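Data first, discussion second: the structure below is written as structure tokens.
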Amino acid sequence: MPTEAYYLQAVIALAVTGLLFLLQLNHVLQRLVALLPDETLREDTRFFTRLNLTLMLLGLVLVGGYHLLAQFHYLPQAVIEALDLGQLARIRFALVVVLVLLPVSVTMSLVWKTRDVVLGSVFGPRS
């Protein structure tokens, strides 16, 4: 089934919407944390949302550049060897972990930390 064009288009649409959702979730986290009194959480969120954006853009540039170079028919031999799928298959797992799973996990940890701060401020001890 992965060779079907419709299946490939659906997977690409899923990846794009997932990336857009992650970008929007990072933006919402920044806006929410700006309203909270915890300065450490603000600094952590600012740093890690920038890191997430950088990693996601790097992944987008690498995938786009790979597909753009794959469209050219006359490339130097070194570039053709670098685009070899056999070599990319070895490092594909590392690229997925760094460029996809790292932003997701960092965003989820920021959501959890923000949740703790909100619950602590709402249900915490009153002075």
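What follows draws every value from the coordinates through simple rules; no lab data is involved. Just so you know, these numbers come straight off a predicted model, no measurement behind them. Positions of Cβ are generated from backbone atoms using ideal geometry, with glycine treated the same way; all protein chains shown enter the neighbour counts.
Any residue that is under 11 Å from the mean Cα position of the chain (by Cα), in a helix (DSSP H, G or I) and farther than 13 Å from Leu110 by Cα - is there at least one of those in the stretch 27-44?
No, the stretch 27-44 contains no residue that is under 11 Å from the mean Cα position of the chain (by Cα), in a helix (DSSP H, G or I) and farther than 13 Å from Leu110 by Cα.
Mind telling me which of the residues Ala5, Ala15 ends up being over 15 Å from the mean Cα position of the chain (by Cα) and among the small types (Gly, Ala, Ser)?
After applying the criteria, what remains is Ala5.
(1) over 11 Å from the mean Cα position of the chain (by Cα); (2) under 24 Å from Val118 (Cα atoms); (3) not hydroxyl-bearing (Ser, Thr, Tyr): which one isn't true of Arg90, the others all being true?
The one condition Arg90 does not meet is (2).
Rundown of residues vs (1) under 30 Å from Ile12 (Cβ atoms); (2) surrounded by fewer than 11 Cβ atoms within 10 Å (Cβ to Cβ), yes/no style:
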| site | (1), (2) |
| --- | --- |
| Pro37 | no, yes |
| Asp44 | no, no |
| Thr54 | yes, no |
| Gly59 | yes, no |
| His67 | yes, yes |
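Leu58: in a helix (DSSP H, G or I) and in contact with a helix residue (DSSP H, G or I) (Cβ under 9 Å, 6 or more places away or on another chain), yes or no? Working first, answer last.
Numbers: in a helix (DSSP H, G or I): yes; in contact with a helix residue (DSSP H, G or I) (Cβ under 9 Å, 6 or more places away or on another chain): yes.
In short, yes.
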